[in-house]
1. Looking for something in contact with a Ser or Thr (Cβ under 8 Å, 6 or more places away or on another chain), modelled with pLDDT of 95 or more and not hydrophobic (A, V, I, L, M, F, W, C) - is there at least one such residue anywhere in the range 170-179?
2. Do you know which residues across the range 205-232 are surrounded by fewer than 17 Cβ atoms within 10 Å (Cβ to Cβ), closer than 29 Å to ASP174 by Cβ and not hydroxyl-bearing (Ser, Thr, Tyr)?
3. If you go through the range 36-89, how many residues are part of a loop (DSSP other than H, G, I, E, B) and open to solvent by less than 60 Å² (accessible area, probe 1.4 Å)?
4. Six or more apart or on different chains, Cβ atoms under 6 Å: show the pairs whose first residue is in the range 7-24 and closer than 21 Å to ALA36 by Cα and part of a strand (DSSP E or B) and whose second is open to solvent by 40 Å² or more (accessible area, probe 1.4 Å) and basic (Lys, Arg).
5. State which residue is farthest from LEU173 (Cα to Cα) when the search covers only the range 90-143 and only residues that are of a type in the set (A, V, I, L, M, F, W, C) and either in contact with a Cys (Cβ under 6 Å, 6 or more places away or on another chain) or in a loop (DSSP other than H, G, I, E, B) (or both).
6. Just to be sure, is VAL156 touching a residue at least 60 places away in the same chain (Cβ under 8 Å) and within 30 Å of GLU10 (Cβ to Cβ)?
Amino acid sequence: MDMERNVILELRSLSSVHANGSPAVRDLSFTVEEGASVAVLGANGAGKTSLFLTLTGILAIQSGAVKAGGLELNSKNAGAVRSAMGLVFQNPDDQLFMPTVWDDVLFGPRNLSLSEEECAGRALASLRETGIEELKDRSPLHLSGGEKRMAAIAGVLAMRPKILLLDEPTAFLDPKAIRSLGVVLKSLGQTKLIATHNLSFAREVCSKVLILKKGALLTEGSISLLDDKDVIEEAFF
């Protein structure tokens, strides 16, 4: 019998606010096991992106607690907790800004004060993990949507996060690119939280579901929740 996996992410009654003071997420409590792939579902405005922005410190925590990799998010551990999580934005153009893909993937490690040799090693490994090593000398401006997505993921992987947060990763992609994305994500060992409206993609890549509504947790469970028409109706309509 396999040993139970460790909990890598725990939220306890977590609430956060937008910059204007309006609620972002409300009283969220759940756990995620190490290595799991979790679909974060809900209609537009349900709180999916807000959850990710809260976990990465972009939105302010109002109350509750977050623990990642065994560390509580507080003033002492903030840097370590947030570095455990890598956020891939919905629009890869928000992440790709350097002259070449290689420069983009190197950017994060270079800001960690690592040696140039270690930065290059991380960048090359990340490009290989995402299958785009041959694109390293290309300008992000001249990439397809699928190639941009992989380059953005490679840049985050180079930071060696324990948890990947992917916000609508299938947005702007054609079916072939979505299929390639699914293959890459399933090959990665990191814990993954994937915010998506693409239920077919969620079925393909994820084993667990968190469903949000109006910033709160509506329900959670195995991927078989997607077969519950009443739950889907309540979540999206």
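1. If we filter the range 170-179 for residues that are in contact with a Ser or Thr (Cβ under 8 Å, 6 or more places away or on another chain), which is where we start, we get 170, 177-178.
Subset that is modelled with pLDDT of 95 or more: 170, 177-178.
After this cut, where a residue has to be not hydrophobic (A, V, I, L, M, F, W, C) as well, the list is 170.
Within the range 170-179, one or more residues are in contact with a Ser or Thr (Cβ under 8 Å, 6 or more places away or on another chain), modelled with pLDDT of 95 or more and not hydrophobic (A, V, I, L, M, F, W, C).
2. Matches in the range 205-232: ASP227, LYS229, ILE232.
3. Here is the first cut: in the range 36-89, the ones part of a loop (DSSP other than H, G, I, E, B) are 36, 42-47, 56-59, 69-70, 73-77, 84, 89.
Keeping just the survivors that are open to solvent by less than 60 Å² (accessible area, probe 1.4 Å) gives 36, 42-43, 46-47, 56-57, 59, 69-70, 73, 77, 84.
Summing the residues that are part of a loop (DSSP other than H, G, I, E, B) and open to solvent by less than 60 Å² (accessible area, probe 1.4 Å) in the range 36-89 gives 13.
4. Note: pairs meeting the criteria are GLU10/LYS67.
5. Of the residues in the range 90-143, the ones of a type in the set (A, V, I, L, M, F, W, C) are 96-98, 101-102, 105-107, 112, 114, 119-120, 123-125, 127, 132, 135, 141, 143.
Among the residues that remain, those that are also either in contact with a Cys (Cβ under 6 Å, 6 or more places away or on another chain) or in a loop (DSSP other than H, G, I, E, B) (or both) are: 96-98, 106, 112, 114, 132, 143.
Working: LEU96: 17, PHE97: 20, MET98: 22, LEU106: 25, LEU112: 31, LEU114: 34, ILE132: 16, LEU143: 12 Å.
Ranking the candidates gives LEU114 first.
6. Details: touching a residue at least 60 places away in the same chain (Cβ under 8 Å): yes; within 30 Å of GLU10 (Cβ to Cβ): yes.
Here the answer is yes, as VAL156 does meet what is asked.
The values are calculated or read from the model by the stated rules, or taken from the named source; none is laboratory data. Source: prediction; values computed, not measured. Methodologically, a virtual Cβ is constructed for each residue, glycine included, from the backbone with ideal geometry; neighbour enumeration extends over all protein chains shown. To get the accessible areas, we keep the full protein, side chains included, count just its heavy atoms, and leave off ligands, DNA and RNA. Shrake-Rupley method; radii C 1.70, N 1.55, O 1.52, S 1.80 Å.
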